[in-house]
Amino acid sequence: MILRPDPGLGDRARTLGAAVADGGDLDEVLALARELSPTAQRLGSDSAPYLTALLSIGAGDLTVARVVEPHLDAVAILAQSAAAHGTSDVAGDGVWGVYAAEGPGHHLAGTPDEHGTWTLTGRKPWCSLASEVSHAVITAHTGPDTRRAFAVDLGHPGVSHPEQRWVSRGLTRVRSTSLELDGVPALPLGEDGWYLRRPGFAWGGIGVAAVWLGAATALREALCAASARREPDQVALVHLGRADTLLHAATCVLDDAAQAIDAGQATGDAGELLAARVRATCAEAAEELVRITGHALGPGPLTGDEEHARRVADLTVYVRQHHAERDLARLGSLVLGGGR
């Protein structure tokens, strides 16, 4: 069965996103993230609800999706860690972020004391909504060439938020700035390297692709709505046909990924290759839908339709989590490496 956006969930995200854009707070969006946590805990055995939720919210509003997606990713990571290491799941009732990026001038170190209690000290870049969420999964260096994931309570007094500019015209309410930690207690999630080796690392990347694809489907609906207002000429039909081709192909790829995950066929090298393919396919669909709707609809909706203009700006920023030609080069290397 091909994955489809849930209209009810999409409409709910659209309503929440409009309220946030009008200056409302994120409380109800954070509540939605918590509500959807069970879908992430089943990722790996019943993956369709997880991907459908992200697809639906992506179609509704990308600010909402940018809050919900990392929370669900963190919940999945915590569940996977608990299952792999025989420990309790510590997700609780919090709202989580995932901070695993590295950057020049940033170094976060994890250090255990003589009792095996870990603390984190240093700076981490690209920490989205760090002042809004309650907890985070954070990767830190444990040695010159090793890193480990940790669960951290961001309410600890050792956590601070350096003042930094956020000039983005897309995802304006989702600030992704640095975070500073000074002796902050941290719960290790597995051993060194587990975060990257686990099968769910690839699955989380597929979830982000589902959000991009959801936003692209909403752009196709803008083309359909324009055709309802004005009899489409041949060029308009070409644009719509191209958009539909891209979206159908990407949806089939996402659906195949859900089945592969549940069948145990998306682990190790196979999972890495699958995620690279899904992300490249959905990123291309998203970028092309931005281009197609721009050509088909002209400047009107970009200057006079609040929801459409915000979606285009948000998606332009969001899809840059795909590193374009560099990620395609990595996909090529995976193909040559013999992944299936």
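In summary, strands (runs of 3 or more DSSP E) completely within segment 82-155 and bearing 1 or more residues that are open to solvent by 40 Å² or more (accessible area, probe 1.4 Å) occur at 108-112, 118-128, 135-143, 146-153. The single condition from (1) open to solvent by 50 Å² or more (accessible area, probe 1.4 Å); (2) in a helix (DSSP H, G or I) that Glu231 fails is (2). Filter segment 166-187 down to the residues that are closer than 28 Å to Gly116 by Cβ and surrounded by fewer than 20 Cβ atoms within 10 Å (Cβ to Cβ) and list them by number. Within segment 166-187, Glu180, Asp182, Gly183, Pro185, Leu187 meet the criteria. The residues listed here are Ala285, Ala249, Ala236; of these, the one that is more than 22 Å from Tyr318 (Cβ to Cβ), assigned to a helix (DSSP H, G or I) and either open to solvent by 40 Å² or more (accessible area, probe 1.4 Å) or not charged (D, E, K, R) (or both) is Ala236.
So which of Ala243, Ala260, Ala329, Ala266 is open to solvent by 40 Å² or more (accessible area, probe 1.4 Å), more than 17 Å from the chain's Cα centre (by Cα) and at pLDDT 95 or above? The match here is Ala329. Scanning for something at pLDDT 95 or above, touching a Ser or Thr at 6+ places or on another chain (Cβ under 8 Å), of a type in the set (Ser, Thr, Tyr) and closer than 20 Å to Ala250 by Cβ, does segment 37-51 turn up at least one residue? Within segment 37-51, one or more residues are at pLDDT 95 or above, touching a Ser or Thr at 6+ places or on another chain (Cβ under 8 Å), of a type in the set (Ser, Thr, Tyr) and closer than 20 Å to Ala250 by Cβ. Taken over segment 156-200, residues that are over 24 Å from Gly105 (Cβ atoms), part of a strand (DSSP E or B) and more than 21 Å from the chain's Cα centre (by Cα) amount to 3.
If you go through segment 60-73 one residue at a time, do you hit one that is hydroxyl-bearing (Ser, Thr, Tyr), at pLDDT 95 or above and open to solvent by 10 Å² or more (accessible area, probe 1.4 Å)? The answer is yes, given that some residue of segment 60-73 is hydroxyl-bearing (Ser, Thr, Tyr), at pLDDT 95 or above and open to solvent by 10 Å² or more (accessible area, probe 1.4 Å). Residues that are small (Gly, Ala, Ser) and touching a residue at least 12 places away in the same chain (Cβ under 8 Å) were ranked within segment 21-43; the one that is surrounded by the most Cβ atoms within 10 Å (Cβ to Cβ) is Ala40. For segment 204-228, the candidate set comprises residues that are more than 22 Å from Leu274 (Cβ to Cβ) and touching a His at 6+ places or on another chain (Cβ under 9 Å); within that set, the residue that is surrounded by the fewest Cβ atoms within 10 Å (Cβ to Cβ) is Ala222.
Of everything in segment 126-151, what is at pLDDT 95 or above, in contact with a Ser or Thr (Cβ under 9 Å, 6 or more places away or on another chain) and of a type outside the set (A, V, I, L, M, F, W, C)? Give them in sequence order. Residues satisfying the conditions are Thr142, Arg147, Arg148.
Here is a yes/no grid of residues against (1) acidic (Asp, Glu); (2) open to solvent by 30 Å² or more (accessible area, probe 1.4 Å):
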residue	(1), (2)
Arg277	no, yes
Ile292	no, no
Ala296	no, yes
Thr303	no, yes
Glu325	yes, yes
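The values are calculated or read from the model by the stated rules, or taken from the named source; none is laboratory data. Quick caveat, the model's predicted, so the values are computed rather than measured. All Cβ positions, even for glycine, are placed from backbone atoms using ideal geometry, and neighbour counts span all protein chains on display. Just so you know, the surface numbers come from the protein's heavy atoms only, side chains and all, with ligands and any DNA or RNA stripped out. Shrake-Rupley method; radii C 1.70, N 1.55, O 1.52, S 1.80 Å.
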